[in-house]
Amino acid sequence: MTLARRAAIALITALPIASHAQGVGWDATRPVRVVVPQPAGSPIDLVARPLAQVVQEDLGRPVVVENRTAAGTLVGTEAVARAAPDGHTVLIAVNSFIINAALQPNLSYDPLRDFVPIALPTVVPHVLVVHPRVANDFSVFLEAARRPGPGKSFGSYGMGTSNHIGAEQLKLLARLNATHIPYRGGQAELDLIAGRIDFMLANLPGVLQHAGTGQIRALAISGADRSARMPEVPTLTELGFPITSDSWFAVVAPAGLPAGAAARHSAAWLTALNRPEIGADLDRRGLDVLATGPAEFEARLRRDLATYTEVVRAANIRPE
């Protein structure tokens with residue numbers, strides 16, 4: 001975490017905590033429910049549980065993690081959208097929270113209207129990785145991927161996932177001749193190593209070791225800054241292609257949550273990120289700590305929704 005982020009967390013958590021009369025309204029007999037819209041043991045679940053434990057200590061009340069799965073992340077998300085806005089229910093959201101709104105015009109919830117942003121704790125950048133036969137640097141990759149003919153193939157973690165949309169955005173901006181092949185989970189990386197696909201935008205932790213051994217090549221990385229884990233790899237922004245492509249983890253609550261309760265939750269989640277054991281755990285999992293507060297997080301949600309909607313329409317992406 002940067003010094004600027006630590007300073008921001010210190011400022012937020014030093015603010016006076018709103019009292020019951022100011023709208024926190026805690027019921028001491030009820031736990032706070034943290035809904036995780038993916039199964040127990042999933043990456044998001046493994047991040048949410050240790051954070052929730054620290055938040056529980058800060059709030060001084062039980063915090064219970066509840067896995068609500070099915071239909072991707074829709075079931076858990078819809079459950080929180082319908083929950084009472086009393087501070088006792090929050091959702092752990094990932095990129096699909098916004099992507100679903102871009103993919104499905106008749107979605108049962110609106111991510112901006114029906115939720116209050118609490119915090120954006122972490123992000124995993126995406127790395128443009130290629131099979132070694134394709135290219136040894138980004139300029140060679142562009143030349144190879146722009147050639148007419150059958151074109152290159154690129155994998156993703158599934159139709160409409162954040163790395164799929166990021167790759168489609170890169171394809172549009174860079175005028176690539178490439179065909180999408182959707183996978184489920186880490187099989188995409190295995191097929192890239194085997195040479196069955198040519199490139200993909202992959203979660204950094206999943207390809208770090210393989211890039212280090214030369215089984216695949218890392219040519220660029222998403223985000224505004226280079227990663228300390230791959231400092232030699234330039235950002236796509238540096239290379240002239242500022243795409244929106246990463247995997248983030250966030251906390252939101254039902255719309256109508258009183259300002260005092262929202263501020264109390266935000267302070268608790270951001271404080272948790274300052275704990276050394278939490279930082280060490282997130283770093284071990286390959287996540288970058290953002291510790292973004294509600295205002296900045298809401299601005300990002302609006303930007304991401306606009307970008308995802310534009311790319312989904314331009315690339316004619318349809319939900320599975």
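Coordinate-derived values only; no laboratory data. Worth saying up front: this structure is predicted, and the values here are computed from it rather than measured. Heads up, the Cβs are rebuilt from the backbone with ideal geometry, glycines too, and the neighbour counts pull from every protein chain shown.
What the table shows:
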| item | result |
| --- | --- |
| Residues that are in contact with a strand residue (DSSP E or B) (Cβ under 6 Å, 6 or more places away or on another chain), over 19 Å from ASN203 (Cβ atoms) and either in a loop (DSSP other than H, G, I, E, B) or of a type in the set (Asp, Glu) (or both), drawn from segment 278-320 | GLU298 |
| Qualifying residue in segment 184-199 (condition: crowded, with 21+ Cβ neighbours inside 10 Å, closer than 24 Å to ARG284 by Cα and not aliphatic (A, V, I, L, M)) | yes |
| Residue in segment 54-64 that is of a type in the set (A, V, I, L, M, F, W, C), surrounded by fewer than 18 Cβ atoms within 10 Å (Cβ to Cβ), farther than 18 Å from VAL116 by Cα and within 20 Å of the chain's Cα centre (by Cα) present | no |
| Close pairs (9 angstrom Cβ cut-off, 6 or more residues apart or separate chains): within 14 Å of LEU172 (Cα to Cα) in segment 231-247, of a type in the set (Asp, Glu) anywhere | THR244/ASP304 |
| Lone qualifier among SER162, SER156 - being in contact with a Pro (Cβ under 9 Å, 6 or more places away or on another chain) and either among the hydrophobic types (A, V, I, L, M, F, W, C) or touching a residue at least 40 places away in the same chain (Cβ under 8 Å) (or both) | SER156 |
| Members of segment 74-91 that are within 19 Å of the chain's Cα centre (by Cα), among the β-branched types (Val, Ile, Thr) and surrounded by fewer than 23 Cβ atoms within 10 Å (Cβ to Cβ) | VAL75 |
| Selection within segment 55-88 - in contact with a strand residue (DSSP E or B) (Cβ under 9 Å, 6 or more places away or on another chain), touching a residue at least 60 places away in the same chain (Cβ under 8 Å) and closer than 16 Å to ALA267 by Cα | VAL55, LEU59, GLY87, HIS88 |
| Residue satisfying all of: in segment 210-245; touching a helix residue (DSSP H, G or I) at 6+ places or on another chain (Cβ under 8 Å) and small (Gly, Ala, Ser); farthest from LEU128 (Cα to Cα) among these | SER227 |
